[in-house]
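Heads up: the structure comes next, in structure tokens.
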Ligand SMILES: Nc1ncnc2c1ncn2[C@@H]1O[C@H](COP(=O)(O)OP(=O)(O)O)[C@@H](O)[C@H]1O
Ligand SMILES: [Mg+2]
């Protein structure tokens, strides 16, 4: 479980808070979607979790341990991270990209290689065909698969995904969303998935946390949020595309 307790982050000594007093629990095995428009603090919250940024106040616990007291190497191994944008290293092959984390962890060459091939198969890329390619020789969807494989390299219990499918065309995105659901059932990870897309949130989230201007507006299942929006903001957010939402099988 990941617990956020009164977590705040200011980049300008408290004049403005990118993340403002967020308290939230991510339960074991669930996919929690962080939903919010650009600038609402989604990426900042993920980076705080992996200590890529230090928070201004509050605490985050992973498996009951305060991350401030955790060895960064242990934290890094527990938490896989799929970066916003593609974020592959252009001068490294697909195999090298997928093996970065295991290299950082000091695995031997042969172990890294066999793990990389296993991961490529897991994300639907035939190693014989793709391992030696460079990122520019892949489609956007294939690059995103490599990003997911890379994040899973050390078999982390938690997977943080920052708008992983945001740059893809709608068909590729739909396919990858479905694959993520399948992969998640197989691997039993706890996933925090960031998106600004309401439909993606409804498709993937066991629960959805709505962020707005660094505040947590509401967290709940899709049914709870649709039936009982906690704030005006949440009501408007889900109310606008109401017609399309009706397609989600009578949830309204
Ligand atoms: N390194 C930084 N320095 C200063 N301000 C930042 C930095 N990173 C993010 N911010 C600000 O924090 C707010 C939240 O940003 P971010 O977490 O990236 O939002 P989101 O991922 O939801 O689009 C924005 O106002 C952004 O400009
Ligand atoms: Mg972001």
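Read the figures in this text as sums done on the coordinates, not as results from a lab. Small disclaimer: the values here were computed from a predicted structure and weren't measured. Reconstructed Cβ throughout: ideal geometry from the backbone, glycine too, with neighbour counts over all protein chains shown.
So which residues in region 171-193 are touching a strand residue (DSSP E or B) at 6+ places or on another chain (Cβ under 9 Å) and either assigned to a loop (DSSP other than H, G, I, E, B) or loosely packed, with under 15 Cβ neighbours inside 10 Å (or both)?
Of everything in region 171-193, those that are touching a strand residue (DSSP E or B) at 6+ places or on another chain (Cβ under 9 Å) and either assigned to a loop (DSSP other than H, G, I, E, B) or loosely packed, with under 15 Cβ neighbours inside 10 Å (or both) turn out to be 181, 187, 189.
Every residue in region 14-71 that is within 16 Å of ligand 2 (Cβ to nearest atom), within 23 Å of residue 198 (Cα to Cα) and in contact with a helix residue (DSSP H, G or I) (Cβ under 7 Å, 6 or more places away or on another chain), please.
Correct list: 18, 19, 22, 33, 34, 35, 36.
Looking only at region 194-237, count every residue that is free of Cβ contacts under 8 Å to residues at least 12 places away in the same chain and in a loop (DSSP other than H, G, I, E, B) and tell me the total.
The number of residues fulfilling the criteria is 2.
Here's a check for you: in region 153-163, which residue that is outside any strand (DSSP E or B) and out of contact with any helix residue (DSSP H, G or I) (no Cβ under 6 Å at 6 or more places or on another chain) is nearest to residue 196 (Cα to Cα)?
163
Among residues belonging to region 148-170 that are within 15 Å of ligand 2 (Cβ to nearest atom) and within 26 Å of residue 73 (Cα to Cα), point out the one that is surrounded by the most Cβ atoms within 10 Å (Cβ to Cβ).
So the residue we want is 164.
Tell me, which strands (runs of 3 or more DSSP E) wholly within region 1-78 include 2 or more residues that are within 14 Å of ligand 1 (Cβ to nearest atom)?
2-10, 17-26, 31-35
Return yes when residue 160 is within 16 Å of ligand 1 (Cβ to nearest atom) and touching a residue at least 12 places away in the same chain (Cβ under 8 Å) and no when it is not.
So residue 160 fits the description; yes.
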